[in-house]
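Student: Pasting a structure here, questions to come.
The values are calculated or read from the model by the stated rules, or taken from the named source; none is laboratory data. The model shown is predicted, which means the values in this text are computed figures rather than measured ones. Cβ coordinates were reconstructed from backbone atoms using ideal geometry, including for glycine residues, and neighbour counts include every protein chain displayed.
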2 protein chains.
Amino acid sequence: MDVGEPLVPAATVARLPLYLRSLEQLGEDDVATVSSSRLAELAGVNAAKLRKDLSHLGSYGTRGVGYQVPNLAAQIRYELGLDEVSPVVVIGLGNLGQALANHAGFGDRGFPIVALVDVDPAKVGTRIGSMTVAHLDDLARIVTAHDVQTAIIATPVGAAQAVCDQAIEAGIVSVLNFAPTVLQVPEGVALRPVDLALELQILTYYRPRVGRRDENVRLLG
Amino acid sequence: MDVGEPLVPAATVARLPLYLRSLEQLGEDDVATVSSSRLAELAGVNAAKLRKDLSHLGSYGTRGVGYQVPNLAAQIRYELGLDEVSPVVVIGLGNLGQALANHAGFGDRGFPIVALVDVDPAKVGTRIGSMTVAHLDDLARIVTAHDVQTAIIATPVGAAQAVCDQAIEAGIVSVLNFAPTVLQVPEGVALRPVDLALELQILTYYRPRVGRRDENVRLLG
């Protein structure tokens, strides 16, 4: 690790895309500067936390003016590594994989889906949107041809670890896992799990429950 | 708030479903007890963090024996409010909404999807899986009939806030939002955003980047 550049805390990293999304919306409306309190409100975060987060990037804004919208957006993009386009392959074209393959939000945000991969003979060779589903065995070739570093795994649980291993062998270094199981990856590979039922379980904790807690809770983030 | 029962930290709440999932897998294999280090490994969390998390629930395990698998699972389920089934409505039946409607993982984990709702005349009345898509205007009736507290919002960005407002008016108190925008909800409503492109953005930060950081990072959770 570069000693002169400390890592940003994980909780801050997780909020940077929220700030970026709000800054991009402001940019579309030709807003040039934004106060920390306004940006915090747009991102659904408290203002003190936002200022602390941005201070990790060396961004403190200007008193009475706030932050320069395009500059701060560019800085967050750089910090997150979003200054380059990151092509993505989707592995596993069940319902969820198909939805992800068709999800317009990825390409718009710098993550074009450039290939779809499955092992099911009924799926390989079929078209989804503008792409043809390739076989998992072609993944190494695809990774090289499209310079793909990131895979979205949307296979059934039982297949996920083997598919993940094969993807890493093919050159994938960054895995977003939708299969509801914990994957093992070697050092040097970034892994982030998204478990949709787990999101509902977390949400349930914060739901008002009569007779157990007298909570009035909003959870943002 | 019940003064005798402090809230569990948000980061701990977010990990409890990981422990529960691992405990349920152990239970299926008829494992009666588990050490903190083994459970931590299964959940992809470090053991000290797991012990701290479970101490918030008053669970400390037994030295040399570990945790009782069924008891700890029941306790986490109770803590999360998962001891009851929580019927869910999906609002917005685009690609993602359809995938969520068909996702087997929700019902298995206590979140049966009992209704599908849209406003598009081309979708209302059609069948997805075993359900017929209802109109958003019927939501209040559906919420009452099925005792639904939780809505998954999978509409386009532009419609999400109005749909959310209408859902809350219909009696929804718990919202999982897949539309990539920040929703405003009143006090007493639990909201959790899931932004799929944002997950990729966070992941990108941890991807090995030559010449910028010499990172070898794995991110679990």
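Student: Take B:Ala179 and tell me if it is within 8 Å of chain A (Cβ to nearest Cβ), among the small types (Gly, Ala, Ser), under 18 Å from the mean Cα position of the chain (by Cα) and on the phi < 0 side of the Ramachandran plot.
Tutor: No: the conditions fail for B:Ala179.
Student: Restricting attention to region A:161-178, which residues are without any contact (Cβ under 8 Å) to a residue 60 or more places away in the chain and closer than 19 Å to B:Asp108 by Cβ?
Tutor: Passing the criteria: only A:Asn177.
Each row is one residue, and each column tells you yes or no for (1) crowded, with 22+ Cβ neighbours inside 10 Å; (2) at pLDDT 95 or above.
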| position | (1), (2) |
| --- | --- |
| B:Asn102 | no, no |
| B:Phe106 | no, no |
| B:Val117 | yes, yes |
| B:Met131 | no, no |
| B:Ala134 | no, yes |
| B:Asp138 | no, yes |
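Student: Within region B:180-198, how many residues turn out to be buried (at least 20 other Cβ atoms within 10 Å of the Cβ) and closer than 17 Å to A:Gly107 by Cβ?
Tutor: Count: 4.
Student: Could you identify the single residue in B:Gly97, B:Gly81, B:Gly110 that is crowded, with 22+ Cβ neighbours inside 10 Å, within 29 Å of B:Ser130 (Cα to Cα) and either of a type in the set (Phe, Trp, Tyr) or in contact with a Ser or Thr (Cβ under 9 Å, 6 or more places away or on another chain) (or both)?
Tutor: Of the residues listed, the single one that is crowded, with 22+ Cβ neighbours inside 10 Å, within 29 Å of B:Ser130 (Cα to Cα) and either of a type in the set (Phe, Trp, Tyr) or in contact with a Ser or Thr (Cβ under 9 Å, 6 or more places away or on another chain) (or both) is B:Gly97.
Student: Ok, one more. Test of understanding: among A:Val185, A:Val217, which residue is at pLDDT 90 or above, within 7 Å of chain B (Cβ to nearest Cβ) and in a loop (DSSP other than H, G, I, E, B)?
Tutor: Just a single option satisfies the conditions, and that option is A:Val185.
Student: Which of the residues spanning region A:23-46 are surrounded by 15 or more Cβ atoms within 10 Å (Cβ to Cβ) and among the hydrophobic types (A, V, I, L, M, F, W, C)?
Tutor: A:Leu23, A:Leu26, A:Val34, A:Leu39, A:Ala40, A:Leu42, A:Ala43, A:Val45
Student: Another question about this same structure. What's the number of the only condition in (1) without any contact (Cβ under 8 Å) to a residue 40 or more places away in the chain; (2) within 7 Å of chain A (Cβ to nearest Cβ); (3) out of contact with any Asp or Glu (no Cβ under 6 Å at 6 or more places or on another chain) that B:Gln149 fails to meet?
Tutor: (1)
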